[in-house]
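The values are calculated or read from the model by the stated rules, or taken from the named source; none is laboratory data. These numbers come from a predicted model, not from an experiment. No Cβ is skipped: glycine too gets one built from the backbone with ideal geometry, and neighbour counts run over all protein chains shown. Remember, those area values only see protein heavy atoms, side chains included, never the ligands or the DNA or RNA. Shrake-Rupley method; radii C 1.70, N 1.55, O 1.52, S 1.80 Å.
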Amino acid sequence: MIINFSIQNFGSVKDKQTLTFEADKSDHLENSYIIHTNGLRLLKIALIYGANASGKTTILKALEFFRDIVLEPETKKTNELNFQPFLFDSETPNQNSIISIEFMANDTKYSYEVEFFRKAVVNEILNFYNPNKANVYKRTTNINNQFTKIKFGSKIKIDKTIEKNLEANTLWNNTVLGGFLKTNVDVKELKEAVEWFDNYLNPLIYTETQLERFVTSKIDKGELSKLDIINILKKADFHISDIVIQEDEKEIPAGLIDFLKAQIKDSPDTVKKLEEKGKISTMKIEFEHTVNDAKYTLPLEMESQGTRRFYGFAGLLALLIKNSTVFPIDELESSLHPDLYTHFILSFLLNTERSQIIATTHNREILDNKDIFRSDAIWFTDRNDNCSTELYSLADFDSSIVRNTTNIYNAYKSGKLKATPNLGDNFIHLNI
């Protein structure tokens, strides 16, 4: 589980901004919102509101970037890291960026921080608490000779030869955890940290992310129950009585093999097997609808965008209930009716135990209902005068602005909580 997450000099974020899942002292909606672990009270959900271009998605992109530099280390030391520092300043483009995270993995608390710029990881530190704070490793990089130096903590027993191999495999633009993936070494704490990024923290789901094939493949492999997905869809008022999955083989279109050979440089064996097979497998998905006791099927492509979106979300919900995992979601309300949006959030809160969601949203209706939200689960992004992102929680406001009797929705609309667009008038004069 994520405890907290901090970003500095990344995208629209200039100064250090921190989002925490640690709950405040309020016991409001305790049973549905709070995960109790190792003396911590962690929230299941964080919803980020704010105007367009205020930096909401940047928060999620930073989290995904962090995941990528751990799980997908660069293979060449000449490759640059795929991000931009804060650019609306004369100094920050030449300064290092920092991302840090505290998380729970197998009931052990870890803190992990990486300092970097486009060409290299400069410093890196991983600590764990068992129960007291102890260092796993500290990493520094000699920028002149592009060499990584790793120093393990006193509680970590590792052979010097293995340590040198790990240093050799950790290129200056890799994290140590990324280097660990390329090294035949068994270090419990490194393994737990890498597995947390791989198994708990999922890739960012954008509005254009096609979840249908992902969920269908999970059903086809038996990792999700089709009946569970249908049940979730029925509870959301979709009259879907069955999901029909058919696998078909077709001849490979002319030119596809040559295209794949040019595009997939790192997996020649995959292309070779496909070429030898001579056919490509496709998956056909149809939804069965029962109307007046009669059954009708529609191809997935003919379903509404909202139906397709919630089919994907039904799969996510099943995974969140079944496993301990976190999904970052951009614009959670996209293609969903406000009631369906609320239904999804409540279904998540009431049925999960140790999973989390961090999502951006423009749906303000939930702010008007204290029966379904906690103040510490609501976050805002605002654009400062220097165009940098400021991140803060609704729980940060004192009683002079937000009282128990305050209508949060009206307070937000009126600008008392900031994070709203500063719009001009509606008259537009064109130069004709």
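Of the peptides 373-381, 388-396, how do they stack up when ordered by the mean number of other Cβ atoms within 10 Å, highest first?
By packing density, highest mean first, the sequence is 373-381, 388-396.
Compute log10 of I(q)/I(0) for the stretch 98-224 with the Debye formula, placing one identical point scatterer on every Cα and leaving out solvent, at q = 0.09, 0.15, 0.16, 0.19 Å⁻¹, to two decimals.
Log10 of I(q)/I(0), two decimals: -0.33, -0.78, -0.85, -1.06.
Leaving out ligands and nucleic acids, and using a 1.4 Å probe, what accessible area per residue does the chain come to in Å²?
Normalised by residue count, the accessible surface of the chain is 52 Å².
Among (1) 61, 32, 23; (2) 35, 33, 24; (3) 49, 24, 19, find the value of semi-axes √(5λ) of the Cα gyration tensor in Å that was calculated from the structure presented, and write down its label.
Entry (2).
Near Lys155, which lysines are there with a Cα under 29 Å away, not counting those fewer than 8 places off in the same chain?
Lys109, Lys133, Lys138, Lys164, Lys182, Lys188, Lys191
Can you pull out the GluC sites (Glu not before Pro) in the stretch 87-175 whose DSSP state is coil and whose Cβ has at most 14 other Cβ atoms within 10 Å?
Counting only loop positions with at most 14 other Cβ atoms within 10 Å, the GluC sites (Glu not before Pro) in the stretch 87-175 are Glu91.
Percent of Cα-Cα pairs per 10 Å bin, from 0 to the last occupied bin, for the stretch 286-432, please list those.
Once binned at 10 Å, the Cα pair distances of the stretch 286-432 give 9, 29, 29, 20, 10, 3, 0.
From the residues Ile2, Leu346, Asn369, which one has its Cα farthest along the dipole of the chain in the positive direction, the dipole being from +1 and -1 charges on Cβ of Lys/Arg and Asp/Glu about the Cα centre?
Farthest along the dipole direction, towards plus: Ile2.
Let me check I have the definition right: for the stretch 291-337, take the eigenvalues of the Cα gyration tensor, multiply each by 5, take square roots. What are those semi-axes in whole Å, largest first?
Taking √(5λ) for each eigenvalue gives 26, 15, 9 Å, largest first.
Between the stretch 110-174 and the stretch 370-426, how many Å separate their Cα centres?
39
Within the set Lys226/Lys272; Lys221/Lys272; Lys56/Lys416, which residue pairs have Cα atoms separated by over 30 Å?
Lys226/Lys272, as the Cα separations exceed 30 Å there.
Highest mean first, how do 6-12, 299-305, 181-187, 288-294 rank when packing is the count of other Cβ atoms within 10 Å averaged over residues?
With the highest mean Cβ count within 10 Å placed first, the list reads 6-12, 181-187, 299-305, 288-294.
When the dipole is taken about the Cα centre of the stretch 58-201, and only Lys, Arg (+1) and Asp, Glu (-1) are charged at their Cβ, what size is it in debye, to the nearest 20?
Roughly 520 debye for the stretch 58-201.
If a/c stays under 1.5 just call it rounded; otherwise compare a/b with b/c (prolate if a/b is bigger, oblate if not). Do that for the stretch 316-386, with a ≥ b ≥ c from the square roots of the Cα gyration tensor eigenvalues.
prolate
With a cut-off of 8 Å between alpha carbons and a minimum separation of six or more residues, what is the relative contact order of the chain in percent?
20
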